[in-house]
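The structure appears right after this line, and notes come after that.
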Amino acid sequence: MVGFALLSQYCDNGTATARHRHRASAATKPKAPVGPGPSQVRTLAAVEKVNLGEKLARFQDLWSPKIVGQVNDLHVKLVKLKGEFVWHHHENEDELFLVLRGRMTVQLPQGDVEEREGEFVVVPRGMEHRPVAREETHVLLLEPASTVNTGNIQDGRTRADLERI
């Protein structure tokens, strides 16, 4: 019943019965501090808000991913694309492409995947693919830190040491 009382407090715009409100307020009063112990607490300085527009404004180069954050062992990267990239695959890494602005195509041997703003696709490890953007397109990548942009191919667009902005 306590779960229902808490739920109804947020779902019914404050019209829960007095009985439910009483139970909810009694249930939400903390009896002791709750949360991680002192050795597990991260300081506020470790929390960073990232404005993607501001980060994208800091660079113009194409096909050169920039690291803008990290989630566990995954890098959050921004990249600007235009034209065709190289066919490649990543032996050990899946790759997420989220289109922030523009359109892109992820070409796959079995057919193309078209992406528009606000859409993403995950290319599984080992799958040959080639990103293509007919116009300048801004993309957020989420991929393991070990991922090299050209995968199994080394060429003039390979970026092994990425800039963190």
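Bear in mind these aren't lab numbers, they're just calculated from the coordinates by the rules spelled out. Not measured: the values here are computed from a predicted model. Quick reminder, even Gly has a Cβ in these numbers, built from the backbone with ideal geometry, and neighbours come from all protein chains shown.
Per-structure values
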item	result
Net +/- balance of residues flanking residue 90 in space, Cβ distance below 9 Å, scoring K and R +1, D and E -1	-4
For the stretch 52-164, the fraction of alpha-carbon pairs in successive 5 Å shells from zero, as %	2, 12, 24, 28, 22, 9, 2, 0
Mean Cβ neighbour count within 10 Å, used as a protection proxy, ranking 71-81, 120-130 highest first	71-81, 120-130
